[in-house]
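In what follows, a single structure is set out as structure tokens and then discussed.
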Amino acid sequence: MPLWKHTAVFAKSFARKALLATPPSVRRALGPDFFAHLTPEFLWLEVTAACPNRCKFCGIGDKIPSGRALTPAQIQTALEDPLFRGLRIVVVSGGEPTLRPDLEAILASVHRAVPQARIVLSSSAALPDRLVRAARTALELGVRLDVGVSVDGLGKRHDELRGAPGLFTKVDGALRELRELKREFGSQLRVSVGMVIADDTAAQVDAVRRYARGLRAAFNPQWYNQAAYYDNVGRDRLSARAELLRIGKQLEPSILTDFAVRVLEGRAPKARCTMLFNACLVKSSGDMVPCFTFWDNSVGNVLKDSPSAIWASQRARVERKRVMACDGCLNACGVVWSADPDYLGRSRFYLRHPRVFVAKLRERLASA
């Protein structure tokens, strides 16, 4: 293809991506088919629906998984589909991914299929040895890896919130071993401490933040979110608005926390969600779904049809209209991935918080 044609294709794709950030009324006027040629840059992959914890924030651990989860080979086959050639981030999660004895093989399969993508492994460290072993194996394969471990309080308080006695001891051990891996592999590995910000955890935020700093791990707050995925719809755990607002305004600035503060203040604009346009979720059953809110709205199954065919299907078109009409949520993936094509919005954010921009730039240069 001549250079001018490559340039034209790129410009057209860039324009369509940028228009994803326009107000919902504009996007609805353009229609979902206008964005039909965009493909996912972000993927959230559930490798198991099982979870040994009984968290106060969700009901995932109370569910009984049905059917077999995707094998490493099936995951690799699905991700080798042309639809996923542009993936930048693949989140490997659950349930609790360390329950998979073949977790190392899963990470290797993802890397073989989309070697350009950074893999994010999200875990409660229920099986810490398996978590650390899988991380090391992936790093030795050349995977650019982020490992996020959940910490919602220190000591027994974390165990109470997660409904898992002795869990904090496992978490602490895993994070200390990951710190050693970080020293060995440098910028190839990022380690973060994830915390659900909610009524139940408000009193623990400062302590967990200091704990993360002591381990030289990033502190990655996630705001409580109601969604079908979590099986917690109708359970409000963001009722202590004044205290949560205080916390939000004291946290390190981020696009997610900025959005959460607006929600807590009751002034959140209509969301400009881009799920099923530049991102999607694949469940352990193989079902492709738009997001955590529309967790039960399958647009197809990767074991039955190719991801490319699913993405172009009528069911996907219907769900894209549903996404366009959604008021939004506080899910970290949904908010951050939807902000990615909002070049103007992200520029305004970095102008307000230049220190965050400098830190992000340094991080990019270090991992290049």
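Computed values, structure above
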{"quantity": "Any hit, the range 14-24, residues being open to solvent by less than 30 Å² (accessible area, probe 1.4 Å) and either modelled with pLDDT of 95 or more or assigned to a helix (DSSP H, G or I) (or both)", "calculated": "yes"}
{"quantity": "Selection within the range 73-114 - in contact with a helix residue (DSSP H, G or I) (Cβ under 9 Å, 6 or more places away or on another chain) and closer than 26 Å to Tyr224 by Cβ", "calculated": "Ile89, Val90, Val91, Val92, Gly94, Gly95, Glu96, Pro97, Thr98, Leu99"}
{"quantity": "Subset of the range 199-232 that is of a type in the set (Phe, Trp, Tyr) and not in a loop (DSSP other than H, G, I, E, B) - its residue that is nearest to Thr169 (Cα to Cα)", "calculated": "Tyr211"}
{"quantity": "Enumeration of residues in the range 145-161 that are open to solvent by 30 Å² or more (accessible area, probe 1.4 Å) and closer than 20 Å to Gly59 by Cα", "calculated": "Arg157, Glu160"}
{"quantity": "Filter result for the condition that a residue is open to solvent by 20 Å² or more (accessible area, probe 1.4 Å) and modelled with pLDDT under 95, over Gly266, Gly214", "calculated": "Gly266"}
{"quantity": "Residue check, Leu87 under 25 Å from Gly328 (Cα atoms), open to solvent by less than 10 Å² (accessible area, probe 1.4 Å), part of a loop (DSSP other than H, G, I, E, B) and in contact (Cβ under 8 Å) with a residue 40 or more places away in the chain", "calculated": "yes"}
{"quantity": "Some residue of the range 49-72 being without any contact (Cβ under 8 Å) to a residue 40 or more places away in the chain and touching a helix residue (DSSP H, G or I) at 6+ places or on another chain (Cβ under 7 Å)", "calculated": "yes"}
{"quantity": "Helices (runs of 4 or more DSSP H) within the range 273-365 that include 3 or more residues of a type outside the set (Ser, Thr, Tyr) and open to solvent by 30 Å² or more (accessible area, probe 1.4 Å)", "calculated": "314-325, 343-352"}
{"quantity": "Residues being more than 19 Å from the chain's Cα centre (by Cα) and under 20 Å from Lys170 (Cβ atoms) - total across the range 101-125", "calculated": "2"}
{"quantity": "Count - residues of the range 161-193 that are more than 22 Å from Thr137 (Cβ to Cβ) and in contact (Cβ under 8 Å) with a residue 40 or more places away in the chain", "calculated": "6"}
{"quantity": "Residue among Thr48, Thr39, Thr77 that is closer than 17 Å to Val289 by Cβ, open to solvent by 50 Å² or more (accessible area, probe 1.4 Å) and either of a type in the set (Val, Ile, Thr) or more than 21 Å from the chain's Cα centre (by Cα) (or both)", "calculated": "Thr39"}
{"quantity": "Matching residues, the range 236-251, being open to solvent by 20 Å² or more (accessible area, probe 1.4 Å) and in contact with a Lys or Arg (Cβ under 9 Å, 6 or more places away or on another chain)", "calculated": "Arg237"}
{"quantity": "Every pair of residues 6+ apart whose Cβ atoms lie under 8 Å, when the first sits in the range 122-142 and is on the phi < 0 side of the Ramachandran plot and open to solvent by 20 Å² or more (accessible area, probe 1.4 Å) while the second is part of a helix (DSSP H, G or I) and hydroxyl-bearing (Ser, Thr, Tyr)", "calculated": "Leu127/Thr98; Pro128/Thr98; Arg130/Thr98"}
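The values are calculated or read from the model by the stated rules, or taken from the named source; none is laboratory data. Because the structure is a prediction, the values reported are computed rather than measured. Using ideal geometry, Cβ is built from the backbone for each residue, glycine included, and neighbour counts are taken over all protein chains shown. Please note that ligands, DNA and RNA were not included when accessible areas were found on the heavy atoms of the full protein model with its side chains. Shrake-Rupley method; radii C 1.70, N 1.55, O 1.52, S 1.80 Å.
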